[in-house]
Every structure is written in structure tokens, then in C-alpha cells.
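Step one of this worksheet: look at the structure below.
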Amino acid sequence: MSSIRVRGVRKSFGDLEVLRGVDLDIDPGEVLCVVGPSGSGKSTLLRCINLLVMPDEGEVYLDSVALTDPRIRPEWVRQQIGMVFQSFNLFTHLTVKRNVMLALRHAKKVDRATAEKTAIYQLTRVGLADKLDAYPAQLSGGQQQRVAIARALAMDPKAMLFDEPTSALDPESIHEVLAVMGRLAQEGMTMAVVTHEMGFAKEVADRVVFFDGGRVLEEGSPEEIFDRAGHERTQAFMKKILR
Amino acid sequence: MVYGAAGTIGGILFLLELGYLHVYRLPFALSQVNPLLSGFYLTLEVVVTILTFGFGLGFLIGWARTTRFIFLRGLGSIYVDFFRSMPPIALIFFASLIGAIELKGSNINPYEVHNITLWLGVVALALHTAAYQAEIVRAGILSVPTGQTEAADAVGISRFRSMFVVVLPQAFRLSLPALGNEFSSSIKDTSLLSVIGWLELSGIAFVQTSLAFKTYLYGSLVIWIMSGFLYFVVTYIVTRTVRGVEDLYKVPGLEVAR
């Protein structure tokens with residue numbers, strides 16, 4: 001697994017400065033949870049890591065490779081770093097199996113038989129071997145999100161980004177998705193997870209970052225951030241969500 | 001089913017009414033079948049040409065209007081603005097007259113020149129429907145949620161490729177009902193080709209009417225009822241085909257009532 005380093009990343013959309021110089025390290029095999037109020041730039045930060053959003057300033061490194069180097073193709077970067085979205089974003093016109101196969105066929109240019117084998121393997125790992133030929137619209141939210149995870153894993157990524165993966169799910173589905181993510185963490189995947197699931201953060205995260213106003217306000221172990229936050233802003237936020 | 005039955009009963013009552021008025025004479029109607037059928041085949045030929053050509057061009061222009069290349073977008077929007085604001089009849093005249101003027105005095109034989117001017121009218125109609133279809137295709141592409149392209153980006157598929165494997169298949173499915181509508185409307189526009197001398201269904205109907213009216217007062221009514229029915233047949237074939245394609249592209253779990 002690989003490390004991710006973010007150095008001085010800034011990003012503005014028009015007049016709105018969303019990221020104001022972010023520094024962040026994720027070690028190989030580490031699980032980092034990013035928490036913080038909505039609109040604080042958490043999603044944009046994740047998107048800057050796999051270049052879905054191009055940073056205005058600063059660098060992002062995967063191991064020793066500067067991803068922000070203009071000579072590097074964004075397509076290559078995104079094949080190295082998997083991403084899971086809040087709203088799943090499965091390809092609605094394709095079956096579950098073909099959702100997972102698509103990037104293997106059209107980005108990695110793997111032959112059909114190998115792609116199919118990989119897809120079946122990854123879908124079995126997330127417990128959906130019986131849904132290969134179903135369409136996304138026929139699945140529950142939790143099942144769709146697990147397909148999305150399998151789709152990202154099929155590319156054999158060096159790290160995974162999760163952008164509020166359980167925010168659109170019912171409690172039962174949340175559990176099944178978090179279980180898959182927990183197993184992935186155990187296997188040693190490098191992960192950055194934007195989440196409001198404090199239970200998951202406490203149990204699985206190695207480190208928690210509190211993000212506010214476009215920068216990292218505070219970071220530490222889950223206990224440090226949740227129970228003994230140093231910053232007033234962090235304390236206020238934790239009080240609200242932990243109730 | 002219910003509508004079909006009601007329509008059939010209505011049609012029979014209407015024909016009985018005409019019979020009562022002595023409008024309807026079977027031998028006369030039968031004598032019109034062959035000429036009208038020859039027009040019908042020509043109409044089919046023209047329709048197939050216009051739909052194929054119009055869809056191909058409309059697709060390309062619609063796509064051009066959604067790219068990030070300002071030049072392509074501008075070109076597409078000028079095209080659509082122009083061809084949507086011209087009445088099709090003006091376009092037909094314009095195209096065939098330009099052709100006639102340009103070919104005047106050339107060494108192509110007159111029969112060929114006439115033929116070319118006729119087909120230029122068909123080209124004009126195809127350009128006209130292409131403008132409408134371009135807008136349908138554009139709307140289809142824009143109605144594919146951005147999350148779909150974002151997901152394709154996130155797994156490392158190039159933008160160009162994701163257009164073909166992610167966006168267009170979904171856009172096509174979403175566009176089909178509107179395309180069927182535009183197809184059926186451009187079928188009826190082919191009747192305008194009679195003004196430049198096409199002997200397709202309407203052209204034949206005009207000729208037969210002028211032949212009949214001296215001997216039989218209501219002849220033109222019978223002829224137009226018959227050709228109306230034949231237009232219905234063409235439209236029905238085309239719209240049913242589109243519906244068949246809709247079924248082909250149906251996504252389980254995403255069915256829409258109709």
C-alpha cells in the first residue's frame with residue numbers, strides 16, 4: 001500500500017476559497033477519518049487528491065510521485081486511487097457485473113475474460129455474488145454502495161477515498177457498508193474517509209482530522225479529537241454531533 | 001385497445017356516412033389504389049433517407065453543442081438557430097432552385113438536373129429535421145446526471161471514451177420518446193416535397209385529384225382520405241419501430257409508465 005502526502009493545497013471556485021493551504025499525511029495502510037461541518041471543504045480535499053478537482057496551488061504525492069505534476073495524466077492517477085461517492089454513482093444502464101468490468105475494459109484495457117473474473121471476485125468479496133446480473137436500480141442503497149466499492153477495488157488501487165459513503169443510507173445499510181470498509185482497513189488498505197459515523201471513526205480510524213474553513217484545524221487519535229479536543233471550534237462541533 | 005376499437009368504430013361510421021351521401025364509390029376508390037401505392041413507396045424511400053441522414057447529422061450537431069470546444073458549440077448553435085427558424089417549404093424551394101440555377105447550362109442532361117433538384121429538396125428536409133433532432137440529443141446528453149461522468153472519471157476512463165460507454169447509451173435511451181415524436185412529424189413534412197414536383201404520396205394525390213374532379217365531384221375527398229390512411233401506415237411503422245428500440249434499451253428497475 002502507498003502513502004499520500006498533501007502539501008499546501010489551495011483551491012478556489014470563483015471568489016470562494018474552499019481550501020486554504022492544506023497539509024495532510026496518510027501513511028501506508030493507515031485509515032484517516034476526516035470530520036468537520038458541511039461546506040468546510042472536505043469533499044473538495046478528497047477530490048483534489050485524485051485530481052477530480054485540480055488544485056490551484058500545492059502538491060499531492062502518492063508515495064514519491066507528484067500527482068500534481070502537469071506531465072502526469074489524471075486518468076493514470078485515478079486508476080491508482082479508488083473513490084467511493086456519497087450517492088454511489090453506479091452506471092445505471094449496466095448490470096452490476098458490467099459496472100465493475102467497465103473501467104477494467106476501457107481504462108486498463110484488460111481482456112474480457114480477465115475483467116469478468118476480476119469483477120466476480122471483487123463482487124464476491126463484498127457479498128454480492130448473487131447480484132451479478134441485477135441492475136443498480138434493483139438494488140438497495142447499501143448493495144449499490146458495496147458495488148461501488150467493488151468497482152473501485154477492481155482497479156487494484158494503492159489507496160481509497162471515501163466521500164461520506166454512508167450519508168445516503170438507512171441504518172441497516174450503513175452497517176453492511178461499514179463492515180466492508182472495516183474489512184478493507186484490516187487488510188491494510190490506505191484509506192481517507194470523510195464521514196460522520198463516529199462509531200466507525202473510533203473503531204477503525206488510526207487518526208482523525210478535524211477540518212474547518214478550508215484547513216486542518218486539529219488532528220490526533222480518535223479519542224483525542226472526539227473526547228479531548230483542544231480547539232474550541234472542534235469541541236462545539238463534537239458536542240453537536242455526539243449529543 | 002379501447003382507443004383502437006373506438007377509432008375503428010368511428011372510422012366505419014364515417015365511411016357509412018360518406019356512403020349515405022353518395023360520396024363513396026367503391027370502384028372509384030379501387031381505381032386509386034395503384035397510383036397511391038406507387039406514391040406510398042416513394043414516400044417510404046424519402047422517409048428512410050431523411051430519417052437516416054437527419055438522425056446522423058442531428059446526433060453530431062447535438063453532441064457538438066455539449067462539448068467544451070467553443071468553436072463547435074457556436075457552429076452547432078448557428079446551425080440550429082437557422083434551420084429551426086426556416087419554414088420547411090421555404091427550405092425545399094430554396095435548395096431545389098439553387099440547384100436548378102447552379103446546374104443551368106452545364107452539360108448534365110436535363111433529366112438528371114431535374115432529378116438532382118428533386119433530391120436537393122429531400123436534403124433540405126433532412127437538414128431541417130436534423131436541427132430539431134440535435135436539440136433532442138443535446139437535451140438527452142445534458143439529462144445524464146453529472147455523477148455518471150464523475151464516476152467514470154474516478155475510475156480513470158478518459159472523457160472521450162466515457163462519452164461512448166457511459167453518457168451516450170443513457171442519453172440515447174432518454175431521447176427515444178422525443179425522437180419518435182420528431183420522426184413522426186418529419187414524415188408528414190415530406191408531403192411538402194410535392195411543391196417541387198415530387199410524385200410521392202401527396203404529389204400523386206394532387207395529380208389524381210385533378211384527373212378525377214371533372215368526372216366525380218367528391219373524388220378528391222376519397223383520394224385524400226386514402227392517402228391520409230397511407231400516411232398513418234408509414235407513421236405507425238416508424239413509431240412502432242422506435243418503441244421496439246425503447247424496449248430494447250429498457251433498464252430493469254428504471255421502467256417508466258407509458
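The values are calculated or read from the model by the stated rules, or taken from the named source; none is laboratory data. Note that the structure is predicted; figures quoted are calculated from it, not measured. A quick note on method: Cβ atoms are made from the backbone with ideal geometry, for glycine too, and the neighbour counts reach across all protein chains shown. The area values use the complete protein model at the heavy-atom level, side chains included, leaving out ligands, DNA and RNA. Shrake-Rupley method; radii C 1.70, N 1.55, O 1.52, S 1.80 Å.
Take every DSSP beta bridge whose two residues both sit in the protein assembly as shown; close to 55 percent of them are antiparallel.
Taking amide H positions as modeled 1.01 Å from N, with prolines and chain starts lacking one, the residues under 5 Å from A:R215 and 5 or more places away or on another chain are A:R20. In Å², nearest 100, what accessible area do chains A and B bury in total when the solvent probe is 1.4 Å? Buried area between the two chains comes out at roughly 2000 Å².
Taking amide hydrogens as placed 1.01 Å from N in the peptide plane, the amide H of A:I81 sits under 5 Å from those of A:K158, each at least 5 positions away in sequence or on another chain. Here A:T124 sits with roughly 80 square angstrom of accessible surface, probe radius 1.4 Å. Which FRET efficiency, nearest 0.05, do A:R215 and B:F71 yield, Cβ-Cβ r, R0 30 Å? With a Förster radius of 30 Å, E is 0.15.
Computed from backbone phi, the HN-Hα couplings of the stretch B:171-180 come to 4, 4, 4, 5, 7, 3, x, 5, 5, x Hz, rounded to whole numbers (Karplus: 6.51 cos²θ - 1.76 cosθ + 1.60, θ = phi - 60°; Gly and Pro given as x).
Percent relative contact order of the stretch A:22-165, based on C-alpha pairs within less than 8 angstrom and at least six residues apart? Computed over the stretch A:22-165, the figure is 29 percent.
To the nearest 20 debye, what is the magnitude of the charge dipole of the stretch A:1-121 about its Cα centre, counting +1 on the Cβ of each Lys and Arg and -1 on the Cβ of each Asp and Glu? Mind showing how you got there, number by number?
On the way: 17 positive and 14 negative charges, 141 e Å.
Here the size comes out at about 680 debye.
Per residue, the accessible area of the protein assembly as shown comes to 49 Å² when a 1.4 Å probe rolls over the protein heavy atoms.
Relative contact order, percent, of chain B when contacts are C-alpha pairs under 8 Å separated by at least 6 residues?
Working: 253 pairs, mean separation 64.7, N = 258.
Reported relative contact order: 25 percent.
Taking θ as phi - 60° and the Karplus parameters 6.51, -1.76 and 1.60, the scalar couplings of the stretch A:196-201 work out to 10, 7, 5, x, 4, 4 Hz in sequence order, x denoting glycine and proline.
The radius of gyration of the Cα set in the protein assembly as shown, together with its Dmax, comes out at 31.8, 104 angstrom.
For B:141-148, what's the mean count of beta carbons from other chains sitting within 10 Å of each residue's beta carbon? Walk me through the numbers before you get to the answer.
Details: counts 0, 0, 0, 2, 3, 1, 7, 5.
Neighbouring Cβ atoms belonging to other protein chains average 2 per residue here.
Kindly provide the trypsin sites (Lys or Arg not before Pro) of the stretch A:53-123 that DSSP labels as loop, not H, G, I, E or B, and whose Cβ sees at most 12 other Cβ atoms within 10 Å. Qualifying residues, ordered by number: A:R71, A:K109. For the residues B:I12, B:I225, B:I204, a GNM of chain B with alpha-carbon springs under 10 Å puts the largest fluctuation on B:I12. Along its principal axes, chain B has C-alpha extents of 74, 60, 25 angstrom, given from the largest down.
Between B:P169, B:P88, B:P145, the residue with the greatest mean-square fluctuation in the GNM of chain B (Cα pairs under 10 Å linked by springs) is B:P145. With the simple model of a label 7 Å out from the Cα in the direction of the Cβ, B:V113 to A:R20 spans 7.8 nm. Partner aspartates and glutamates whose Cα lies under 13 Å from the Cα of A:K158, excluding those fewer than 8 positions away in the same chain, are identified as A:D27, A:E30, A:D63, A:E187.
Restriction of the trypsin sites (Lys or Arg not before Pro) in the stretch B:159-248 to DSSP coil positions whose beta-carbon has at most 15 other beta-carbons within 10 angstrom yields B:K214. In straight-distance terms, cross-link reach from A:K11 covers every one of the lysines whose alpha-carbon lies under 21 Å from its own, apart from those fewer than eight places away in the same chain; here that gives A:K42.
Farthest towards the positive end of the charge dipole of chain B, among the residues B:T235, B:V123, B:F160, is the Cα of B:F160, using unit charges on the Cβ of Lys, Arg, Asp and Glu.
Take every Cα pair under 8 Å in chain A that's 6+ residues apart, average their separations, divide by the length, and report that relative contact order as a whole percent. Mind dumping the intermediate values first?
Working: 468 pairs, mean separation 66.9, N = 243.
About 28 percent, as a whole number.
Expressed as a whole percent, the accessible surface of chain A that belongs to carbon and sulfur atoms is 46, based on a 1.4 Å probe.
Remark: the stretch A:209-216, residue by residue, has Karplus-estimated 3J(HN,Hα) of 10, 9, 10, 8, x, x, 8, 6 Hz, where x stands for each Gly or Pro and the curve is 6.51 cos²θ - 1.76 cosθ + 1.60 at θ = phi - 60°. Among the listed pairs A:K131/A:K202; A:K109/B:K250; A:K109/A:K131, those whose Cα-Cα separation exceeds 30 Å are A:K131/A:K202. Solvent-accessible surface, computed for protein heavy atoms with a probe of 1.4 Å, shrinks by 20 Å² or more for the following residues of the stretch B:220-258 when the other protein chains are added to the isolated chain: B:V251, B:P252, B:G253, B:L254.
Buried by at least 50 Å² relative to the chain on its own: which residues of the stretch A:88-110 qualify, computing accessible area with a 1.4 Å probe on protein heavy atoms? Residues passing the criterion (a loss of at least 50 Å², heavy atoms only) are A:N89, A:F91, A:T92, A:H93, A:H106. For chain B, the share of accessible area belonging to carbon and sulfur comes to 71 percent (1.4 Å probe, ligands and nucleic acids excluded).
Accessible surface comparison of A:F210, A:F88, probe 1.4 Å, protein chains only, largest first: the order is A:F88, A:F210. The GluC sites (Glu not before Pro) of the stretch B:168-258 that DSSP puts in a loop, and whose beta carbon has at most 16 other beta carbons within 10 Å, are B:E255. In plain terms, the chain from B:T52 to B:L97 could stretch by 13.8 nm, reckoned as 0.36 nm per residue minus the Cα-Cα distance. Taking the Cα centre of the protein assembly as shown as reference, the dipole from Cβ charges on Lys and Arg (+1) and Asp and Glu (-1) amounts to some 1000 debye.
Kirkwood hydrodynamic radius of the stretch B:121-258 from all distinct Cα pairs, in Å? Please list the in-between numbers first.
Values: mean 1/r = 0.0553 Å⁻¹.
Averaging 1/r across every pair of different Cα atoms and inverting gives 18.1 Å.
Please identify, among B:I89, B:I141, B:I108, the residue showing maximal mean-square fluctuation in a Gaussian network model of chain B using a 10 angstrom Cα cutoff. Largest GNM mean-square fluctuation: B:I108. Between the amide H of A:V193 and those of A:L32, A:C33, A:V34, A:F162, distances stay under 5 Å, these residues lying 5 or more places away or on another chain, with hydrogens modeled in the peptide plane. Note on B:Y218: accessible area is roughly 100 Å² with a 1.4 Å probe, heavy atoms of protein only.
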